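One structure is given below, encoded as structure tokens.
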Amino acid sequence: MGETEMGLTITLHVKARFEKPAEYPERFPVPDQLVNWETPYPGYLPPYYVSPVVLQNDSSRNPSGWADPEEVALVPEIPQRSFSGTLLHDAIGRPLNPAGRTGIAGRGLLGKWGPNYAADPIITRINRHERSIEMLAVQRRDNGQWAIPGGMVDKGEEVSRTLARELREETGVTLDMGAGRLVYQGYVDDPRNSDHAWMETTAKHLHLDPEMAERMELQAGSDARAVLWLPLTPENIRTLYASHCTLVKAALFGLGREEHPAMSHCDREILAALLKVC
Ligand code: RP5
């Protein structure tokens with residue numbers, strides 16, 4: 001499973017069993033004790049789903065497509081490893097979700113068999129007037145949830161470039177994410193995940209000086225309904241998309257532990273007050 005320098009792991013997936021995009025069929029029930037592939041589940045018969053948009057983007061037929069061929073035997077290199085470690089495969093060679101059963105077979109809305117890699121730039125600032133800590137957040141167009149402005153790593157792209165590119169495309173803000181602190185690298189409990197395709201991410205955190213943050217002009221990109229500095233209240237953190245709640249908490253705890261040039265004594269008190277309640 002995924003890990004950070006702080007030993008953070010995302011283990012028992014929940015959204016990947018109990019949530020789904022509207023176009024997916026109902027997930028086959030997977031109780032906690034039957035999540036693990038090594039535990040036999042004789043009656044397990046999840047519905048198969050691959051989205052038409054994934055089939056249209058089959059890169060073996062469409063030169064600008066971003067998806068693998070539907071027939072797994074035609075995939076040039078089936079992944080054997082991911083950030084989660086060595087992967088298991090089923091009888092026909094499909095990689096198995098390292099967090100266990102999800103109640104859906106096939107790739108759903110995800111293009112790659114196995115891990116689908118993303119990058120998540122976590123950008124925070126202190127709002128001294130409101131005595132709050134805020135995160136640059138986007139409202140996702142697909143489900144209306146607030147989220148870190150992350151996105152998919154393009155083929156052959158360095159993840160630090162993806163972090164900066166996604167930030168720019170989704171929020172209009174240009175920052176050098178190379179300076180960000182690594183918060184997490186691993187599995188994401190995403191509602192799109194299936195038994196054979198899932199999200200994994202690299203999350204980096206940059207905490208900005210309030211004056212610098214104030215000067216930045218925000219502009220929502222095409223995947224976002226809105227972009228804003230979201231006040232990080234316990235409720236706002238808890239309801240973030242996918243595993244973003246865990247990633248943001250890890251970023252805040254990391255910030256609480258380090259000496260940061262942009263953090264005054266008062267800023268530290270604001271952060272400590274939030275960490276106490278989340
Ligand atoms: C999540 O999906 C990742 O953490 C990342 O934020 C996001 C990438 O997917 P898209 O925003 O490109 O749909 O699992």
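For the stretch 118-154, give me each residue that is near the ligand (Cβ under 9 Å from one of its atoms) and closer than 24 Å to residue 65 by Cα. Within the stretch 118-154, 118, 119, 120, 140, 142, 149, 150, 151, 152 meet the criteria. The residue list 247, 240, 230 contains one member that is in contact with a Leu (Cβ under 9 Å, 6 or more places away or on another chain), within 16 Å of the ligand (Cβ to nearest atom) and either among the aromatic types (Phe, Trp, Tyr) or part of a loop (DSSP other than H, G, I, E, B) (or both), which is 240.
Rundown of residues vs (1) over 20 Å from residue 189 (Cα atoms); (2) in contact (Cβ under 8 Å) with a residue 40 or more places away in the chain; (3) not acidic (Asp, Glu), yes/no style:
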| position | (1), (2), (3) |
| --- | --- |
| 13 | no, yes, yes |
| 32 | no, no, no |
| 52 | yes, no, yes |
| 78 | yes, no, yes |
| 88 | no, yes, yes |
| 93 | yes, no, yes |
| 111 | no, yes, yes |
| 116 | no, yes, yes |
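Here's the yes/no breakdown for (1) in contact with a helix residue (DSSP H, G or I) (Cβ under 6 Å, 6 or more places away or on another chain); (2) open to solvent by 10 Å² or more (accessible area, probe 1.4 Å):
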site: 221; (1), (2): yes, yes
site: 224; (1), (2): yes, no
site: 228; (1), (2): no, yes
site: 239; (1), (2): no, yes
site: 251; (1), (2): no, no
site: 254; (1), (2): no, no
site: 267; (1), (2): no, no
site: 276; (1), (2): no, yes
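Residues of the stretch 204-221 that are touching an Asp or Glu at 6+ places or on another chain (Cβ under 8 Å) and either assigned to a loop (DSSP other than H, G, I, E, B) or without any contact (Cβ under 8 Å) to a residue 40 or more places away in the chain (or both): 220, 221.
On the basis of being closer than 16 Å to residue 16 by Cβ and at pLDDT 95 or above, does residue 105 make the cut? For residue 105, the condition - closer than 16 Å to residue 16 by Cβ and at pLDDT 95 or above - is met. Taking every residue in the stretch 171-191 that is assigned to a helix (DSSP H, G or I) and pairing it with any residue that is modelled with pLDDT of 95 or more, at least 6 positions away or on another chain, the pairs with Cβ-Cβ distances below 6 Å are 171/136; 171/149; 171/218; 171/227; 177/121; 177/163; 177/164; 177/204. Criterion first (at pLDDT below 95 and open to solvent by 80 Å² or more (accessible area, probe 1.4 Å)) does residue 12 satisfy it? It is true that residue 12 is at pLDDT below 95 and open to solvent by 80 Å² or more (accessible area, probe 1.4 Å).
The values are calculated or read from the model by the stated rules, or taken from the named source; none is laboratory data. This one's a predicted model, so the numbers in the text were calculated from it and none came from an experiment. Cβ sites come from the backbone with ideal geometry, for glycine too, and all protein chains shown count toward neighbours. Just so you know, the surface numbers come from the protein's heavy atoms only, side chains and all, with ligands and any DNA or RNA stripped out. Shrake-Rupley method; radii C 1.70, N 1.55, O 1.52, S 1.80 Å.
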